[in-house]
Number of protein chains: 2
Amino acid sequence: MIDHGGNLDVARARFGGELADWIDLSTGINRQPYPVPQLPAHHWHALPSRAEIEALHAAARQAYHTTAPLLATAGAQAAIQMLPRLAPPGSAKILAPTYGEFGHVLRGAGWVVEDASNLDALAGADLAIVVNPNNPDGRRHDPAALLALLPKVGRLVVDESFADAVPCLSLAPEAGRSGLLILRSLGKFYGLAGVRLGFVLGAEADVAALAQLAGPWPVSGPAIAIGHRALLDRTWANATSARLAVQAPHLDNMAQAAGWTLVGGTPLFRLYGVGDASAAQERLARAKIWSRIFRDWPGWLRLGLPGDEAEWARLAAALAR
Amino acid sequence: MIDHGGNLDVARARFGGELADWIDLSTGINRQPYPVPQLPAHHWHALPSRAEIEALHAAARQAYHTTAPLLATAGAQAAIQMLPRLAPPGSAKILAPTYGEFGHVLRGAGWVVEDASNLDALAGADLAIVVNPNNPDGRRHDPAALLALLPKVGRLVVDESFADAVPCLSLAPEAGRSGLLILRSLGKFYGLAGVRLGFVLGAEADVAALAQLAGPWPVSGPAIAIGHRALLDRTWANATSARLAVQAPHLDNMAQAAGWTLVGGTPLFRLYGVGDASAAQERLARAKIWSRIFRDWPGWLRLGLPGDEAEWARLAAALAR
């Protein structure tokens, strides 16, 4: 098992408390999430219909500014699970450090996986992986630089799970080009990680192959209904982007006042250099605030943005202690 | 794409009407489904935790009377999608006629697939598939006969998607034996097809391999919460089994009065010989009742059980016309 944020089980086992006592800032999942509406009962009971799935796909194309083939999956993770099946195992290069599941899944399926430290070093790979903006350090890549890389690799996967609040970074309008696959997620910006909904955008043959691997009903009826509504709600998305743009620097100010330094981040999470990350995590955990630290980078601590006023106040108090 | 029941899109395109106008009897999905409770918001927003997934697994073990390793999947279909990956492609034999997805998925993954007409003919296969009780004809197999087959095949998959109402047929108490895989579903008996929740039960190594293929969050938070509750609710399950035991023969009586003959069935659906199935389907469809017919068996029509009194009355009227 790969280490992930969102593991409140671990936090509770170590520091006690009920689930409701904790503020989970260990992920980049928006804590002011898209409001889930009351759902017509048939979404729970009937098999999702082709018409409902097609309407969801159309909403995603509209939200992501693309006309490319795409497929709804049970989160971006479900698309990652299928990536190794698009071609016989070969060489994969991953722009690192990043989300651990890519390397884990590819190695498990027989691929030879190497980390790369810059875009140029990805050239020559059968499969190149870039997360844009990157998790955990927020590193950003110019879409033009990614397009320039495309002809130099077998396939280029760009994971845009954190791109909703920085749409200028998205390659989705270029999706459909041979060899380019783009992953999107409803888990982070929309705060709907439990719903398990994401998309893979790509060339027609790749999307068709992924659809075969995913089977006829890869996402739930409620996911389809909620996702459809969320993706078409530009008012909510614009307000959320505006809120995050104000609040992320506010979190940085609080962190800097606590002696931490900004390493990077996206509007949904920030990565700080904190000295002893283990000690910093413990300090927050005693206030029932859970954060993410990294085995390989013992000075880094990642924080998602708190939700309501009360959460911001609790974090401020914990940082000031 | 394989032809499935539940395709109300097709029904509406051919015969008109809104979704709510139709009674969909084209599947074996219970139309008096398990009531979906109001869910705590965190199931939508947070990633499902290991503790929640383990609690769901424990509930499934209790419901299925087993202590074997098992894995929650996005419906039995998600387990079917992974089956071809458990071993290098070889020879698969499927007890036919049955659910079309097994052959479709295995052929797509490079397996050589043969239909078999009886259990003995499955011997020698690298992968043998039995649906028990079978869809669409309700054929039943003695668990002892299936256990006797187990040493004669590489792996034996028993799809028990329709076994909830006939628990005496289930091999789940024998799960854990090497080579035996059992599929269960929350879609049919519980009427929760839109939730996408099922289980695969098996030997430790197989379940571990499937868990790797499925990834860390294969089912949604709401699916975990609802499934957990439904599987532990024996009062509802017992009442539903009792209701189906009365209502299935009642449907047979109505069908026989209309001149149809019973081919077979389970408590959740019945298969009738109706002469010209296409004409019979059309007759029901004009009353906005959708049924399932089969390209390869032009005399068969499958009907699920209606839900409330009003649905039974509409079906009775349509059959009497």
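The values are calculated or read from the model by the stated rules, or taken from the named source; none is laboratory data. Here the structure is a predicted model, which is why all the values come from computation and not from measurement. A quick note on method: Cβ atoms are made from the backbone with ideal geometry, for glycine too, and the neighbour counts reach across all protein chains shown. Side chains are part of the model used for accessible areas, which takes the heavy atoms of the whole protein and leaves out ligands, DNA and RNA. Shrake-Rupley method; radii C 1.70, N 1.55, O 1.52, S 1.80 Å.
Quick notes on this structure:
- When B and A come together, around 3400 square angstrom of accessible surface is lost from both chains combined, probe 1.4 Å.
- Our helix-only sum for the protein assembly as shown, with -39,500 (n - 2.57) per DSSP H run of n ≥ 4 divided by its residues, gives a mean residue ellipticity at 222 nm of -11000 deg cm²/dmol.
- Shielding by partners, peptide A:67-75 (average Cβ within 10 angstrom, other chains): 2
- The lysines within cross-link reach of residue B:93, meaning a Cα-to-Cα straight distance under 30 Å and a gap of 8 or more places when in the same chain, are B:152, B:188.
- For the protein assembly as shown: rounded, prolate or oblate by the Cα gyration tensor [a/c cutoff 1.5]: prolate
- Amide H partners (placed H, <5 Å) of residue B:179, local residues excluded: B:203
- Amide N proximity, the stretch A:176-216 versus residue B:2 label position 7 Å along Cα-to-Cβ, cut-off under 19 Å: A:208-216
- Converting phi to 3J(HN,Hα) with the Karplus coefficients 6.51, -1.76 and 1.60 and the offset θ = phi - 60°, the stretch B:245-258 yields 5, 7, 7, 4, x, 5, 4, 4, 4, 5, 5, 5, 5, 8 Hz in sequence order, with x at every glycine or proline.
- Summarising the amide proton neighbourhood of residue B:64: residues at separation of 5 or more, or on other chains, whose placed amide H is nearer than 5 Å comprise an empty set.
- Whether the stretch A:170-214 is rounded, prolate or oblate, judged on the alpha carbon gyration tensor where a/c under 1.5 counts as rounded: oblate
- Mean separation of Cα pairs under 8 Å and 6 or more residues apart, divided by the residue count, gives the stretch A:133-249 a relative contact order of 19 percent.
- Antiparallel content of DSSP bridges confined to the protein assembly as shown, in %, to 5: 55 percent
- Peptide A:46-58 has a mean of 4 when you count, residue by residue, the C-beta atoms of other protein chains within 10 Å of its C-beta.
- Cβ-vector label at 7 Å, residue A:14, separations to other copies in nm: 6.0
- Ascending distances from the residue B:114 label point to its copies in the other chains, with the point 7 Å along the Cα-to-beta-carbon line: 4.6 nm.
- Here the contact order of the stretch A:68-141, divided by its residue count and restricted to Cα pairs under 8 Å and six or more residues apart, works out to 32 percent.
- About its Cα centre, the stretch B:253-321 has a charge dipole of approximately 140 debye under the convention of +1 per Lys or Arg Cβ and -1 per Asp or Glu Cβ, with nothing else charged.
- DSSP bridge pairs, chain B: antiparallel proportion in percent, nearest 5: 55 percent
- Amide H contacts of residue B:116 (H built 1.01 Å from N, under 5 Å, at least 5 apart or other chain): B:94, B:95, B:96
- Based on C-alpha pairs under 8 angstrom that are at least 6 apart in sequence, the stretch A:165-318 has a relative contact order of 15 percent.
- Peptide B:3-10 shows a mean partner chain C-beta count of 4 within 10 Å per residue C-beta.
- The string of couplings for the stretch A:89-105 from the Karplus curve (6.51, -1.76, 1.60, θ = phi - 60°) is x, x, 9, 10, 10, 10, 6, 10, x, 7, 3, x, 5, 4, x, 4, 5 Hz, one whole number per residue in order, with x for Gly and Pro.
- Cα-based shape type of the stretch B:92-217, given that a ≥ b ≥ c are square roots of the gyration tensor eigenvalues and the cut on a/c is 1.5: rounded
- Sparse-neighbour loop sites [trypsin sites (Lys or Arg not before Pro); the stretch B:237-309; at most 15 other C-beta within 10 Å; DSSP]: B:295
- Accessible area per residue, Å², the stretch B:271-314 with all protein chains present, probe 1.4 Å: 43 Å²
- Probe 1.4 Å - accessible area at residue A:278, Å² to nearest ten: 60 Å²
- Most positive-pole-ward Cα, B:30, B:84, B:65, against dipole of the stretch B:2-107 from beta carbon charges: B:84
- Probe 1.4 Å, all protein chains present, accessible-area order of A:235, A:73, largest first: A:235, A:73
- Calculated label separations, residue B:286, copies of the chain, 7 Å along the beta-carbon direction, nm: 8.0
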